[in-house]
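Take a look at the structure set out below.
The values are calculated or read from the model by the stated rules, or taken from the named source; none is laboratory data. Bear in mind that the values here come from a model prediction, so they are computed numbers and not experimental data. Cβ sites come from the backbone with ideal geometry, for glycine too, and all protein chains shown count toward neighbours.
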Amino acid sequence: MADDSKCSGCASSGSCGQDPGACTPPVDPVEARMQGNLAKIRHKIVVLSGKGGVGKSTVAVNLAVGLALAGKRVGLLDVDVHGPSVPRLLSLTGQDPHMERDGMEPVSWGKNLGVMSLGFLLKDPDQAVIWRGPVKGGLIRQFLADVYWGELDYLVVDCPPGTGDEPMSVLQFLGPTASTVIVTTPQAVAVDDVRRSVSFVRLMGNPLLGLIENMSGFVCRHCGQVEDIFAAGGGEKLATEMGADFLGRIPLDPELVRSADEGYPLLKVDKEGHAARALLGVVDRLLALDKGRPEAVAAPPELPAEGVLRIALPLNGTMLSESPATCKRFLLVEVDKTAQAVGTKPLEDFPAEPGQWAAWLADQDVNVLLARGLAEADRAACAGRGLTVLQAPAGSPDAALDAYLKGALAVS
Ligand code: ADP
């Protein structure tokens, strides 16, 4: 029997005279080009925020640059149609994408990063854009269909704030495998907004890689220490409460303000400052997606026949800190040959200079570090001092220790 359901949605339904079984449904050429493009992109990362001004574009740009500097082929798509700031943040304002018959080339930033933004297509950068939802959706679709992205390891998408038309279109077009990162700030209003963003992502069915708390504390120009202005840690608490990962805490950093004003991404010039390390921690997390790190799970530890294994966990309050570089203290747990914790104590007063904590932990006879958010330099420092590092998920140190003893943590 002929399958009439094939005709539903076809403009010629009932009048073309063809047998539905023999008919090839018309292919939407834009859809076909978009799917062709998306099939060549390994990882899609959508950066979202509950509200504007929290540093979402700054984060998106630095993640894309961090991945490109790590040797990945990266696309950065700015779909913030009302405030496209990506060209300015990369000193690409005024660049014209090269147009061809069927589409256009992204604008290059360095060897590995191609950028597309409505900002390149508006003749007057101050021009207000007043478009309704379907038009914006159509534009996003065209950015995915008609830009020659080529083979990419990562496409990073900078979305407008909120949970409206554009983020919804982006997630719909990219499909359920697109991962999301949500940027928030410590203030309560932003935290409420981010709660909505988390539930939006979950409703859309996309993986949430985690939350980033931006503008969290302030890097003092004089001593280089991070001072908390607002009660910091709301993002981390919210992540724990909502069962999401906490990806890092980026302090307010005068260097980031300067980099935005002058149009260079922070990660191009700084890899050691507090903000740069936090951003690199998230870049690492994205790089892990490409390494298929979930397979790289460590076996349960070999426990010593004599004495104890000394395990350190970086803490902020009672929860695991997003990175040893920003923790307030380490919890030292001593485990004996029967995998029992036979002693715990805090380790404090470690040197605050970036990277010094690894050597200090080794001097305290620590054997294992359960942590995340390590920059490459930290990892090298740990390896150099014989410290084994495993990736600990956000949450309580007990859960991380338990997972480690069962052999369920990934090698960092
Ligand atoms: P959004 O995309 O969320 O609207 P932006 O990335 O445009 O936010 O950032 C808003 C402003 O805050 C910009 O001037 C940016 O340079 C600044 N900014 C963002 N994050 C930080 C930070 N951690 N330290 C200092 N300034 C920051």
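Scanning the stretch 107-146 for residues that are assigned to a strand (DSSP E or B), surrounded by 18 or more Cβ atoms within 10 Å (Cβ to Cβ) and at pLDDT 95 or above returns 107, 109, 113, 114, 115, 116.
Name the single residue, out of those in the stretch 313-329 being more than 13 Å from residue 396 (Cα to Cα) and more than 19 Å from the chain's Cα centre (by Cα), that is surrounded by the fewest Cβ atoms within 10 Å (Cβ to Cβ).
328
Restricting attention to the stretch 178-188, and to residues there that are closer than 17 Å to residue 53 by Cβ and not in a strand (DSSP E or B), which single residue is farthest from the ligand (Cβ to nearest atom)? Per the stated criteria, the residue is 188.
From the list 235, 205, 164, 175, the lone residue that is within 13 Å of the ligand (Cβ to nearest atom) and either of a type outside the set (Ser, Thr, Tyr) or surrounded by fewer than 21 Cβ atoms within 10 Å (Cβ to Cβ) (or both) is 235. Answer yes if at least one residue in the stretch 33-51 is assigned to a loop (DSSP other than H, G, I, E, B), within 16 Å of the ligand (Cβ to nearest atom) and modelled with pLDDT of 90 or more, and no otherwise. Checking the stretch 33-51: at least one residue is assigned to a loop (DSSP other than H, G, I, E, B), within 16 Å of the ligand (Cβ to nearest atom) and modelled with pLDDT of 90 or more. The residue of the stretch 260-278 that is farthest from the ligand (Cβ to nearest atom), among those that are of a type in the set (Asp, Glu) and more than 24 Å from residue 210 (Cα to Cα), is 262. Does the stretch 342-357 contain at least one residue that is touching a helix residue (DSSP H, G or I) at 6+ places or on another chain (Cβ under 7 Å), surrounded by 22 or more Cβ atoms within 10 Å (Cβ to Cβ) and more than 25 Å from residue 304 (Cα to Cα)? No, the stretch 342-357 has no match at all. Restricted to the stretch 12-32, and to residues there that are modelled with pLDDT of 65 or more and under 30 Å from residue 147 (Cα atoms), the residue that is surrounded by the most Cβ atoms within 10 Å (Cβ to Cβ) is 30.
Of everything in the stretch 178-202 that is surrounded by fewer than 22 Cβ atoms within 10 Å (Cβ to Cβ) and among the polar types (S, T, N, Q), the residue that is modelled with the highest pLDDT is 179.
Any residue at all in the stretch 355-362 that's touching a residue at least 24 places away in the same chain (Cβ under 8 Å), within 25 Å of residue 285 (Cβ to Cβ) and of a type outside the set (Gly, Ala, Ser)? The answer is yes, given that some residue of the stretch 355-362 is touching a residue at least 24 places away in the same chain (Cβ under 8 Å), within 25 Å of residue 285 (Cβ to Cβ) and of a type outside the set (Gly, Ala, Ser). Quick one: would you say residue 306 is surrounded by fewer than 23 Cβ atoms within 10 Å (Cβ to Cβ), farther than 29 Å from residue 192 by Cβ and away from the ligand (no atom under 14 Å from the Cβ)? Criteria met by residue 306.
Those residues that are within 22 Å of residue 245 (Cα to Cα) and part of a helix (DSSP H, G or I), I need them from the stretch 147-167; list them, please. The answer is 167, and nothing else.
Residue by residue, here is whether (1) at pLDDT 90 or above; (2) touching an Asp or Glu at 6+ places or on another chain (Cβ under 8 Å); (3) surrounded by 13 or more Cβ atoms within 10 Å (Cβ to Cβ) holds:
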residue: 251; (1), (2), (3): yes, no, yes
residue: 266; (1), (2), (3): yes, yes, yes
residue: 272; (1), (2), (3): no, no, yes
residue: 280; (1), (2), (3): yes, yes, yes
residue: 283; (1), (2), (3): yes, no, yes
residue: 295; (1), (2), (3): no, no, no
residue: 299; (1), (2), (3): no, no, no
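Contact annotation: residue pairs with Cβ atoms under 7 Å, 6 or more positions apart or on different chains, pairing a residue in the stretch 247-276 that is of a type in the set (Lys, Arg) with a partner that is more than 9 Å from the ligand (Cβ to nearest atom) and assigned to a strand (DSSP E or B), are 249/213. Selection over the stretch 243-253 of residues that are more than 13 Å from residue 276 (Cβ to Cβ) and within 7 Å of the ligand (Cβ to nearest atom) gives a count of 1.
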